[in-house]
Structures are given as C-alpha cells and as structure tokens.
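These notes concern the structure reproduced below.
The values are calculated or read from the model by the stated rules, or taken from the named source; none is laboratory data. For clarity, every value in this text was computed on a predicted model and none was experimentally measured. Glycine also receives a Cβ, built like all others from the backbone with ideal geometry; neighbour counts cover every protein chain displayed. We work out accessible area using only protein heavy atoms, side chains counted, and drop any ligands, DNA or RNA first. Shrake-Rupley method; radii C 1.70, N 1.55, O 1.52, S 1.80 Å.
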Amino acid sequence: MPRFAANLSMMFNEVPFMERFAKAAANGFAGVEFLFPYDFEPDAIAAELKRHGLEQVLFNLPPGDWAAGERGLAALPGREAEFRESVDTAIRYARALNCPRLHAMAGLVPEAATDGVSRETFFTTARDIYLENLRFAARKLAEHNLTLLIEPINTRDMPGYFLNHQADGHAILEELNEPNVKVQMDFYHTQIMDGDIWQTYQRYRDGVGHIQIAGVPERHEPDTGEVNYPWLFEQLDENGYDGWLGCEYRPRRETETGLAWYRAWQQR
C-alpha cells in the first residue's frame, strides 16, 4: 500500500501550523511534509512529531524572500553566499527533525531581457550557478547522510521558475553525478508539463527520490480531475515503489471532509 504523507503547508489549514501534526495523526497519516519550518524552533516541531508518532519526510531549504515573491536561491546569480547559509540552516533543522530529504528550490529567471542582459545569457549563467550550488549542497548534506532533491515545477503555477520538465531535472542529475541528489517528481506538475505520467516515471524512476500528488487541473484532492490516481497508486505498488507520496494539494473544502479518497486506501 502506498505511504501517504500529509503536506501541512496545504492541508489542515483550518488550525494553526503547530496543531496540524495532531490533525494529521488523528486522520491516520504516519508521515508529514511541509514547505518551510523556519518560523518555528526545531525542538518545538520535533516535539510534535514525537508526540504524535509522525515521520518528517521532507521540507525545503530557505527560499529567499517568499513574501516578496522569491521562489528559491539555488540558480540566482549573486546569491551564492545566502544559498550556502541556507544549506547550513536546513541541515540544522533536518537533524533536529530526523528528516532525510531536503528540497532546494531553484528560483525564478526573467521572462525577457533585463538590465541589458538577454534572458538566454542570464539563463546560461544561472544554470552554471545552479550546478555549483547544488554540488556544494549535495556534499554538505552527504556529511549528514541526507538526500538533496530538485523539482521541476509547472509554468502555470510558477511562471519563470528555472526548472520545468522532468527531462531537464534528470539531465541536471546526470551532469552533477552526486549520489545523494535526486529529482522530486510531483505528478501534478508532471501532468501539466509533460503528460504521460506513468511512462515518464518509468523512464526516470532510478533518479526519482520523492513523489507528490494532487488533482489536475485545480490542485485539489487526488480523487477528481484528469489523472487516474487509483491506477497510478496500484502501478507504483506493483513496481516496488517504497517511498512516500506527499499530498501537496489544496483541499476543496475542509481538509477532513475531503479525505474520503485516503480512507478508502487505508481500508485496503
């Protein structure tokens, strides 16, 4: 049976963040993930995980100024020192939370020429910086037996994001050749950008380090829309996927009301 992790940045928003761990456990989740933990002390989060018997599956490195619209630092020219500091911060939290995976968001690149620099030139520079930063982060994380993840994100939800297609993510993986770097494959983003989810997964499965799910096109529960998730879950089971499935979706209504799909899988 698939192992589902509740994404506490999107689910159970009916209660404050620190109360969502109890909600996840009460609804049968054994694992949780979220975007960022940095507004809270790591020991406080660790206590909630322990209290409710939950495993911390994943979270992201600090993304820069999220409120101002930044979406990661890893590919941004001139932000290398800040990125390296963010790696140290994330490792400190990962060790406290016993979390084995960290996702480094790449950041946004301009849609057109800016400050006299063409978008193509900016992108080439950004790619070089991205590789350098990821290599640095991978080797730092390896010292603590942690996995670094990168994630292609669709251009509809996040216009200008540096990494958009699974093929591009796995090309970066091959070029880096760092054993603890993997690609995070969100089936929601994959369907929007690449389609043919199962064949895409099969093509790249050895490089996939984490899977996330959400209904397409509206990013609600995985029981509606154009993706046949029950079939995909069965295929993952039959093909030996033993990782987590992060439920990174926006509930249509109250989170618990929309968990019928999950309860059906719990009863199998």
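For Glu82 and Arg3, compute 0.36 nm times the residue count separating them, minus their Cα-Cα distance, and round to one decimal in nm.
Once the chain is fully extended between Glu82 and Arg3, it gains 25.0 nm.
Springs between alpha-carbon atoms under 10 Å, Gaussian network over the chain: tell me which of Phe122, Phe187, Phe162 tops the mean-square fluctuations.
It is Phe122.
Under a crude label model (7 Å from the Cα following the beta-carbon direction), how far is Glu254 from Glu174 in nanometres?
Output for this residue pair reads 5.0 nm.
Name the long-range amide H neighbours of Asn7: under 5 Å, sequence gap of 5 or more, or other chain; modelled H, no Pro or chain starts.
Glu33, Cys247, Tyr249
What is the list of residues in segment 46-60 whose amide nitrogen lies under 20 Å from a point 7 angstrom out from the Cα of Asn145, following Cα to Cβ?
Only 46, 50, 54-59 pass the distance filter.
At 1.4 Å probe size, with the rest of the protein present, what percent of the exposed accessible area of the chain is carbon and sulfur atoms?
Values: 5340 of 11810 Å².
It is 45 percent, rounded to a whole number.
May I ask you to give the solvent-accessible area per residue for the chain, in square angstrom, as obtained with a 1.4 angstrom probe? Display every interim value, and only then the final one.
Numbers: 11810 Å² over 268 residues.
Ligands and nucleic acids excluded, the figure is 44 Å² per residue.
I need the P(r) histogram for segment 28-172: all alpha carbon pairs, bin width 5 Å from 0 out to the longest distance, whole percents.
In order of increasing distance, the bins hold 2, 9, 18, 21, 19, 14, 9, 5, 2, 1, 0 percent.
Can you pull the one-decimal nm distance between simple spin-label points at Phe123 and Trp265, each 7 Å off the Cα toward Cβ?
Distance between the two pseudo-spin positions: 3.5 nm.
Count the net charge of all other residues whose Cβ sits under 13 Å from the Cβ of Leu76, scoring Lys and Arg as +1 and Asp and Glu as -1.
Values: positive: Arg71, Arg79, Arg84, Arg127; negative: Asp65, Glu70, Glu80, Glu82, Asp128, Glu132.
Neighbour charge sum, excluding Leu76 itself: -2.
Output the direction-averaged projected area (hull surface divided by four) of the convex hull of the alpha-carbon atoms of segment 108-217, in nm². Intermediate values should be presented prior to the final figure.
Working: hull surface 29.5 nm².
The Cα convex hull of segment 108-217, projected and averaged over all directions, gives 7.4 nm².
When Rg is the radius of gyration of the Cα atoms in segment 149-268 and Rh is its Kirkwood radius, what does Rg/Rh come to? Intermediate values should be presented prior to the final figure.
Details: Rg = 14.5 Å, Rh = 15.0 Å.
A ratio of 0.97.
Using a basic spin-label model with each label point 7 Å from the Cα along Cα→Cβ, how many nm lie between Arg156 and Asn98?
4.0
What is the Cα convex hull volume of the chain when expressed per residue in Å³? Present the calculation step by step, with values, prior to reporting the outcome.
Working: hull volume 33.5 nm³, N = 268.
In the chain, the Cα convex hull volume per residue is 125 Å³.
Please list, by residue number, everything in segment 64-98 whose backbone N is under 13 Å from a paramagnetic label point 7 Å out along Cα→Cβ of Lys50.
It comes to 96-98, nothing else.
Considering Cα pairs under 8 angstrom that are at least six residues apart, work out the relative contact order of segment 11-109 and quote it in whole percent.
29
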